[in-house]
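Below is one structure, written out as structure tokens; comments come after it.
Just so it is clear, none of the values below were taken in a lab; they were calculated from the coordinates. On a predicted model such as this, the values are computed, not experimentally measured, just so you know. Heads up, the Cβs are rebuilt from the backbone with ideal geometry, glycines too, and the neighbour counts pull from every protein chain shown.
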Amino acid sequence: MLTEHFDFIVIGGGSGGYAAARTARETREKVAIVDSAQSLGGLCILQGCMPSKTLIYSSEVLHLAQKGKAFGLDIPAAAINMPALHLRKLDIIKEFSDYRQAQLESERFTLFRNRAKFIDHKTIELDDGRQLTADHFMIATGSTVSVPALPGLSEAPCWTSDDVLELDFMPEKVVVLGGGIVACELAQFLRRIGSEVIQIQRSASLLKDFPPMAAVTVERAFLDEGIQLYTNTKLQSISYAANEFTVNFQHQNEMLTIRTPHVFNALGRRPASGQLGLDKAGIETADSGHIICDAMQRTSNFKVYACGDVTGPYEVVHLAIMQGETAAKHATGRPTHAVEYDSKVSVAFTDPQIATVGLSENQLKERGIAYFSADYPFDDHGKSILMEAKYGYVKVYADELGTVLGAECVSKDAGELIHTMAVAISLSAKVQDLVKVHWYHPTLSEIWSYPLEDIADELQTTGGVN
Ligand SMILES: Cc1cc2nc3c(=O)[nH]c(=O)nc-3n(C[C@H](O)[C@H](O)[C@H](O)COP(=O)(O)OP(=O)(O)OC[C@H]3O[C@@H](n4cnc5c(N)ncnc54)[C@H](O)[C@@H]3O)c2cc1C
């Protein structure tokens, strides 16, 4: 069989893969993309960021409407219209996926709608038997839902996030397994559309990768909204019979059993690296299945790069894109730089949202960096009080010269507000400069000026490190 050769082949046309293909195509003629999905677009557009944020935003509007009285409004019983919500989501997603499909199908690339695997160090085989070689490859195959080894879990017909995002009816009762970002975002969505929600989390708090004060704030909001929360648990087993799940778990030395028509498995995702024939190409993976890469995203086979969820270390779209661009520039011999994670932004689209940027307090301590910090609560801030958005706080960390190293924001629209500090960190701005910004009143953003002023004052009075 004739083997076709390309300058650059990308396996997986999601966010990371498309970014790599587009970047490689800037200087190379023959760029191919191989994607086996029935619908093109990747996780972010089809089953991740965009559908989830579309639904979450609608549920926030509903929540505000239901709180009408607090705003001095008389809104007659606001309620969810699930078929309409579902259709709106489909319409919005179609617009994004049509656009991405057109980009992938453009004549700038050769698109193969196939599954691919490596058969040696420089050749992939498609599921129709065709073989392709390339100067360089990019693996951008993403991730799949993980099903941990829990008795009964793999046999029980639990929902994944894909199923929750496809709902066109309001489920009466759902048990949510897990306390990560996807679990929390969709648990609150389900609660807000009217479901009884019971969330079971192994760790002592939800959202354990975020600062403890942030997680506690979200937990308080969840409890206030009526989510039944069990933290510090140990799941024992799950079974399914006669249209009913039985979930057994240990909580505070007690064995508890919950019966429910629906279970949402939000226990995490794993890299989609298992079916790629990586051993044939000399590509090493970590125990987690993540493809091991160097700073230029090169795998242990230097002709092959990886980006996005399949390599990590974070399952976030903008990082997948940055990694894809870095890799493609490196593969095509152009100047580039490693993706820098010390100024990383993270957002959980709960309400209040959690957003962080830069180094966390734990990282500052681990690295032995002396720092100043100050925080300020939203329940003492003009704009958030008039918006009835009083959960949360902002916190800023700066070094002994005043350079901002990290920030936390828990609030309504924290995912927007954090970008002020993201810009500050990217530009190595100092608190002494940031206090001179024209912070407009009354805005949510002006809340940053309080911790910035506190740190600036402290630096001036102490002239040193605390
Ligand atoms: C519910 C949910 C909400 C999320 N919300 C956010 C958010 O708000 N913000 C954020 O930054 N991130 C969010 N994420 C994470 C984000 O969606 C992912 O990190 C990102 O989309 C991963 O992109 P990727 O390019 O690595 O992989 P993907 O977009 O998953 O692309 C992988 C592609 O590879 C193809 N493929 C796989 N194996 C093969 C093969 N062997 N041969 C050919 N093709 C193959 C697949 O068909 C797929 O198209 C969310 C995720 C979920 C599940």
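What are the residues in region 292-316 that are of a type outside the set (Ser, Thr, Tyr) and within 11 Å of the ligand (Cβ to nearest atom), if any? Listed by number, the residues that qualify are ALA306, CYS307, GLY308, ASP309, VAL310, GLY312, GLU315, VAL316. When you check ALA204 against the structure, is it part of a helix (DSSP H, G or I) and closer than 25 Å to PRO313 by Cα, yes or no? Criteria not met by ALA204. Being outside any loop (DSSP other than H, G, I, E, B) and among the basic types (Lys, Arg) is true of LYS365.
For the residues ILE425, ILE447, ILE455, the requirement of being over 30 Å from LEU73 (Cα atoms), assigned to a helix (DSSP H, G or I) and out of contact with any helix residue (DSSP H, G or I) (no Cβ under 6 Å at 6 or more places or on another chain) singles out ILE425.
Among the residues making up region 417-449, none is without any contact (Cβ under 8 Å) to a residue 12 or more places away in the chain and within 19 Å of the chain's Cα centre (by Cα).
Residue count for region 298-309, restricted to those that are free of Cβ contacts under 8 Å to residues at least 40 places away in the same chain and within 13 Å of ALA338 (Cβ to Cβ): 1. Taking every residue in region 5-33 that is farther than 23 Å from LEU278 by Cα and in contact (Cβ under 8 Å) with a residue 60 or more places away in the chain and pairing it with any residue that is acidic (Asp, Glu) and surrounded by 24 or more Cβ atoms within 10 Å (Cβ to Cβ), at least 6 positions away or on another chain, yields no pair with a Cβ-Cβ distance below 9 Å. Quick one: is VAL263 within 22 Å of the chain's Cα centre (by Cα), within 29 Å of TYR391 (Cβ to Cβ), β-branched (Val, Ile, Thr) and crowded, with 17+ Cβ neighbours inside 10 Å? In short, yes. Inspect region 184-193 for any residue being more than 15 Å from the ligand (Cβ to nearest atom) and β-branched (Val, Ile, Thr) and give the result as yes or no. Checked against the condition, which is being more than 15 Å from the ligand (Cβ to nearest atom) and β-branched (Val, Ile, Thr), region 184-193 yields at least one hit. Applying the condition of being more than 15 Å from the ligand (Cβ to nearest atom) and in a loop (DSSP other than H, G, I, E, B) to region 1-16 and asking which residue is surrounded by the most Cβ atoms within 10 Å (Cβ to Cβ) yields MET1. Of all residues in region 117-159, those satisfying the criterion of being away from the ligand (no atom under 11 Å from the Cβ), of a type outside the set (Gly, Ala, Ser), closer than 30 Å to VAL304 by Cα and surrounded by fewer than 20 Cβ atoms within 10 Å (Cβ to Cβ) are ILE119, ASP120, HIS121, LYS122, THR123, ASP128, ARG130, GLN131, THR133, ASP135, VAL147, PRO148.
Of all the listed residues (LYS412, LYS436), the sole one being of a type in the set (Lys, Arg) and either within 19 Å of LYS383 (Cβ to Cβ) or buried (at least 21 other Cβ atoms within 10 Å of the Cβ) (or both) is LYS412.
Test GLY312 against the stated conditions and say whether it is touching a residue at least 40 places away in the same chain (Cβ under 8 Å), more than 30 Å from GLU458 (Cα to Cα) and either touching a strand residue (DSSP E or B) at 6+ places or on another chain (Cβ under 9 Å) or part of a helix (DSSP H, G or I) (or both).
Here the answer is yes, as GLY312 does meet what is asked.
In region 17-39, the residue that is nearest to the chain's Cα centre (by Cα) out of those that are buried (at least 22 other Cβ atoms within 10 Å of the Cβ) and near the ligand (Cβ under 7 Å from one of its atoms) is GLY17. One residue stands out among those in region 277-296 that are assigned to a loop (DSSP other than H, G, I, E, B) and of a type in the set (A, V, I, L, M): the one that is nearest to LYS117 (Cα to Cα), which is ILE283.
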